[in-house]
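Okay, so here's the structure we're looking at.
The values are calculated or read from the model by the stated rules, or taken from the named source; none is laboratory data. This one's a predicted model, so the numbers in the text were calculated from it and none came from an experiment. Cβ placement follows ideal geometry from the backbone for every residue including glycine, while neighbour counts extend to all protein chains displayed.
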Amino acid sequence: MAKPLDFEHPYQHTLEAFDRLSTQARQDKIAPRDALKLAGEMLSHGHPDMLRVTAQLKENPHRDIVAVGVLLEKIFEQLRRRIHIEGLDRKQLARAYRKDGYLLFESPQKSGKLLVVFTTIFNNFYISHLNLYGVLKDLGCHLLLLKETTLANYQRGVASFASDFPGIADQICAAARRLGADQIYLSGFSSSGYAALLTSLALPCQGYLGFSQNTDLSPHSNLSRPWFLTDEVYWQLDPRWLIDLRPRLADADPRIPRILCYGSRSIMDTEHALNLAGLASVRLVRLHRSAHNTIQFLLAKGRLTAAFSALVADR
């Protein structure tokens with residue numbers, strides 16, 4: 001029997017983490033370093049109490065700390081325009097914060113498009129699943145969020161959805177048929193991007209949008225491996241799905257748009273992106289002055305929804 005690869009991390013999104021943040025935000029005075037950390041974590045949840053913490057940051061005498069507070073509030077405002085989490089009941093929150101399975105949001109209008117998002121090992125897409133839904137809900141697509149928070153990171157499938165990695169593509173196609181969708185779009189960020197991009201090559205896909213991801217997990221790669229793929233974990237996984245994606249993408253249809261965004265300040269992300277340089281089937285987008293968290297960077301610029309809108313636009 002395969003060894004379980006579950007793990008716990010302080011930044012992993014759970015309902016318990018959401019409740020802990022509520023308690024921490026009610027402190028009267030928080031040390032600046034702790035407030036910076038707390039506000040950043042609360043922003044990723046779109047937590048309604050975040051402004052309590054950023055208010056303290058903006059009172060700080062140091063301009064850099066004030067600037068961070070202002071930036072976090074700017075991103076927070078973008079999220080709040082789309083969804084207010086406190087308006088949901090406890091059961092809805094609990095379902096959204098589960099660490100496995102999937103969330104399906106059907107379009108209220110008839111739609112032939114299905115957007116599938118592979119969420120990260122931290123049970124989010126930097127922002128929480130609910131806030132991601134808020135960002136994407138007006139695109140006119142059915143939205144399927146896949147959740148896989150073990151160290152296997154989709155290599156062993158998705159609980160309650162697919163029993164193995166190839167089954168993910170099969171189940172996505174089955175979901176599209178049930179929804180009456182004949183166009184499938186995929187996206188991934190950070191830890192989930194590799195699996196999402198590889199899956200885009202295994203089904204009829206109309207487009208892919210990736211952020212800050214790995215592109216080569218082959219055994220003898222010269223590129224850095226993600227932190228969670230230790231040797232102990234790596235050698236437990238199926239080698240068929242631990243490959244360099246460049247040869248597969250070299251044979252992919254160049255008419256299918258595949259876009260990979262990466263931050264110029266992340267050495268690892270830049271190396272993995274440039275592994276695909278020169279391919280007709282992939283367009284690389286270098287985000288100047290962004291680090292690994294390209295999702296936060298694009299939110300701050302007001303460009304994240306537009307990036308997804310361009311992905312699913314009629315051509």
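Of all residue pairs spaced 6 or more apart or on separate chains, those with beta-carbon atoms under 8 Å, a first member in the range 23-34 that is at negative phi and aliphatic (A, V, I, L, M) and a second member that is surrounded by 15 or more Cβ atoms within 10 Å (Cβ to Cβ) and part of a loop (DSSP other than H, G, I, E, B) are 25/47; 25/49. Go through (1) without any contact (Cβ under 8 Å) to a residue 60 or more places away in the chain; (2) farther than 25 Å from residue 68 by Cα; (3) assigned to a helix (DSSP H, G or I) and name the single condition residue 269 misses. Unmet for residue 269, out of (1) without any contact (Cβ under 8 Å) to a residue 60 or more places away in the chain; (2) farther than 25 Å from residue 68 by Cα; (3) assigned to a helix (DSSP H, G or I): (2). State whether one or more residues within the range 17-40 are surrounded by 15 or more Cβ atoms within 10 Å (Cβ to Cβ) and closer than 30 Å to residue 168 by Cα. Yes: the range 17-40 contains one or more residues that are surrounded by 15 or more Cβ atoms within 10 Å (Cβ to Cβ) and closer than 30 Å to residue 168 by Cα. Considering (1) over 17 Å from the mean Cα position of the chain (by Cα); (2) on the phi > 0 side of the Ramachandran plot, the lone condition that residue 190 does not fulfil carries the number (1). Sub-6 Å Cβ pairs linking a first residue in the range 169-181 that is farther than 15 Å from residue 106 by Cα to a second residue that is aromatic (Phe, Trp, Tyr) and outside any helix (DSSP H, G or I), at least 6 apart or interchain, are 171/161, ordered by first then second residue.
So which of 103, 72, 43, 38 is of a type in the set (A, V, I, L, M), at pLDDT 95 or above and not in a helix (DSSP H, G or I)? Break it down into steps so the answer makes sense when it comes.
Numbers: 72 fails: not in a helix (DSSP H, G or I); 43 fails: not in a helix (DSSP H, G or I); 38 fails: not in a helix (DSSP H, G or I).
After ruling out the rest, the residue left standing is 103.
Among residues of the range 229-251 that are more than 14 Å from residue 216 (Cα to Cα), those with a beta-carbon under 8 Å from a residue that is part of a helix (DSSP H, G or I) at least six positions away or on a different chain give the pairs 238/165. Residue 210 falls short on exactly one of the conditions (1) assigned to a loop (DSSP other than H, G, I, E, B); (2) buried (at least 18 other Cβ atoms within 10 Å of the Cβ), and that condition is (1). Scanning the range 227-256 for residues that are buried (at least 18 other Cβ atoms within 10 Å of the Cβ) and under 19 Å from the mean Cα position of the chain (by Cα) yields one hit, 229. Residue 152 meets each of the listed conditions (1) surrounded by fewer than 22 Cβ atoms within 10 Å (Cβ to Cβ); (2) assigned to a loop (DSSP other than H, G, I, E, B) apart from (1). Inspect all residues belonging to the range 82-94 and state whether any of them is touching a Gly at 6+ places or on another chain (Cβ under 6 Å), touching a residue at least 12 places away in the same chain (Cβ under 8 Å), in a loop (DSSP other than H, G, I, E, B) and within 30 Å of residue 202 (Cα to Cα). No: zero hits.
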